[in-house]
Structures are given as structure tokens and as C-alpha cells.
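Student: Starting off with a structure, shown below.
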Amino acid sequence: QVQLRESGGGSVQTGGSLRLSCLASGYTYSRYCWGWFRQAPGKEREMVAVIDRAGITYDADAVKGRFTISQGPAKNTLNLQMNSLKPEDTGMYYCAAAFLGSCSVWIGWTPSIAFKPWGQGTQVTVSS
């Protein structure tokens, strides 16, 4: 029943910034982990950053210090501030959620198995 919708993707030059947003609608849960994943052509989908209800975050090594994940006060919106973008950040970015557990429970799982539902994605392209 929960639906996710991403927005904010676009094309930027190396060193630029973008801010992605995800809006959740439908049922709410007392325990959850949700965040951002990305997939480049020919590569596996990978976690970018996730956050749980308590605000505990986990960032992929590739984006630490450059990307910041946050959620709105009503906890039905999710944001990803992306700074100092690099060409290797190019890909389709997805918002996804894993319910009934904190992020520490789910981050070791294959994303497509652990996280459901998923949004439709928003494209991020970084030019050198």
C-alpha cells in the first residue's frame, strides 16, 4: 500500500550539487529503514544512504562526506543532498523502504530483497 515517488534528478557538471526528494504515501510504520539506492548501466544496484525512524544513518563509502540523507519532521519525506558530484555518481537513483526493523537489521541484505516498495527512480547525470 505504501507508495514512493522520487524527484529532483538532473544533469550537472563535476563538482555540482543536486537535492533529491522522496514522498511516501499510504500506511505508516513504527519501525522502518528507508533511503536511497542507485544503479549505473551494467552495474548492480547499490545502497547510497539509509536512515531509520530514530535518525540513525548509514552512508556508502563512496559518498561519505559528500552526500547527506535526511527526513522531514512528519517522516513522510526523504531527502538526499548531493554535493561535490563526480561522474561515477551518474545513475538512476531510487527511493526504497524496509519495514518492521531498523537500518541495522536490513543493510546487509541484497537491496532488492530487503527493501520494498521502490519508487520509479530519478536520473542523475554528472558530466566531466
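The values are calculated or read from the model by the stated rules, or taken from the named source; none is laboratory data. All of these numbers come straight from a predicted model, not from anything done at the bench. Methodologically, a virtual Cβ is constructed for each residue, glycine included, from the backbone with ideal geometry; neighbour enumeration extends over all protein chains shown. Calculation scope for accessible area: heavy atoms of the full protein, side chains included, ligands and nucleic acids excluded. Shrake-Rupley method; radii C 1.70, N 1.55, O 1.52, S 1.80 Å.
Student: Note down all Cβ pairs under 7 Å where the first residue falls in the range 63-78 and is farther than 14 Å from Gly8 by Cβ, the second is open to solvent by 60 Å² or more (accessible area, probe 1.4 Å) and among the basic types (Lys, Arg), and they're at least six residues apart or on different chains.
Tutor: As it stands, the answer is Lys75/Arg53, since those pairs meet every condition given.
Student: Taking the condition of being open to solvent by 50 Å² or more (accessible area, probe 1.4 Å), of a type in the set (S, T, N, Q), part of a strand (DSSP E or B) and farther than 21 Å from Gly16 by Cβ, how many residues in the range 47-89 meet it?
Tutor: Of the residues in that region, 1 qualify.
Student: Can you run down the residue pairs with Cβ atoms below 9 Å, 6 or more apart or on separate chains, where the first is in the range 110-128 and farther than 14 Å from Leu20 by Cα and open to solvent by 80 Å² or more (accessible area, probe 1.4 Å) and the partner is part of a strand (DSSP E or B) and among the hydrophobic types (A, V, I, L, M, F, W, C)?
Tutor: The qualifying pairs are Lys116/Ala96; Lys116/Ala97; Lys116/Ala98; Lys116/Phe99.
Student: Within 19 Å of Gln3 (Cβ to Cβ), aliphatic (A, V, I, L, M) and out of contact with any Gly (no Cβ under 9 Å at 6 or more places or on another chain): which single residue out of Ala114, Ala62, Ala74 fits that description? Steps first, please.
Tutor: Numbers: Ala114 fails: out of contact with any Gly (no Cβ under 9 Å at 6 or more places or on another chain); Ala62 fails: within 19 Å of Gln3 (Cβ to Cβ).
Residue meeting the stated conditions: Ala74.
Student: Mind listing whichever residues of the range 12-29 are at pLDDT 95 or above, part of a strand (DSSP E or B) and surrounded by fewer than 12 Cβ atoms within 10 Å (Cβ to Cβ)?
Tutor: Gln13
Student: Out of everything in the range 90-106 that is over 25 Å from Pro41 (Cβ atoms) and part of a loop (DSSP other than H, G, I, E, B), what residue ends up being nearest to the chain's Cα centre (by Cα)?
Tutor: Ser102
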